[in-house]
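S.K.: Let me begin by handing over the structure; questions about it come next.
The values are calculated or read from the model by the stated rules, or taken from the named source; none is laboratory data. Note that the coordinates shown come from a computational prediction; the quantities given were computed from them, not determined experimentally. Because the Cβ atoms are built from the backbone with ideal geometry, glycine has one as well, and the counts that use them run over all protein chains shown.
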Amino acid sequence: MKNSSAQRPRWRDLWPILTADQVKRAAAYGTPADLGAGDIVFRADRPPAGLIIVESGTIDVSRGPIRDLPPEPVVTHGPGRFVGEFSLFTGQTLFLTARMTQGEGQIRV
């Protein structure tokens, strides 16, 4: 059976964008994260780092490196998106790395 676009998850369903009001409400439960371009938000093989909401700029999420394979990009998140939430529910060691690529002033919840 051919894989149609209706069968594949939609981008907005995988990574929803928070509204300005939702970011404001979440910020009440968090603290500012002093992150700037180039900073590691979280790193693979470490304990969960918490939920990070992107207020401005972008965060690149990548897989790896695994064995001899180099890191591989997974997604870039911009304003209104968030990272790190899955490991909070599972308690698993992180398997992705996230780096702030532009901007600053994120929220750690």
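S.K.: Report those helices (runs of 4 or more DSSP H) wholly inside the chain carrying at least 1 residues which are out of contact with any Cys (no Cβ under 8 Å at 6 or more places or on another chain) and at pLDDT below 80.
M.R.: Details: elements: 11-14, 20-27, 85-90.
The helices (runs of 4 or more DSSP H) meeting that bar are 11-14, 85-90.
S.K.: Please go through the range 65-91 and pick out each residue that is touching a residue at least 24 places away in the same chain (Cβ under 8 Å) and over 22 Å from Gly36 (Cα atoms). Show your work before the answer.
M.R.: So in the range 65-91, the residues touching a residue at least 24 places away in the same chain (Cβ under 8 Å) come out as 71, 75-85, 87-88, 91.
Answer for the range 65-91, where residues must be touching a residue at least 24 places away in the same chain (Cβ under 8 Å) and over 22 Å from Gly36 (Cα atoms): Ser87, Leu88, Gly91.
S.K.: Return the pairs, sorted by first residue and then second, in which the second residue is modelled with pLDDT of 90 or more and not in a loop (DSSP other than H, G, I, E, B), the first residue lies in the range 26-41 and is over 18 Å from Arg81 (Cβ atoms) and aliphatic (A, V, I, L, M), the beta carbons are less than 7 Å apart, and the residues are 6+ apart or on different chains.
M.R.: From the range 26-41, no pairs qualify.
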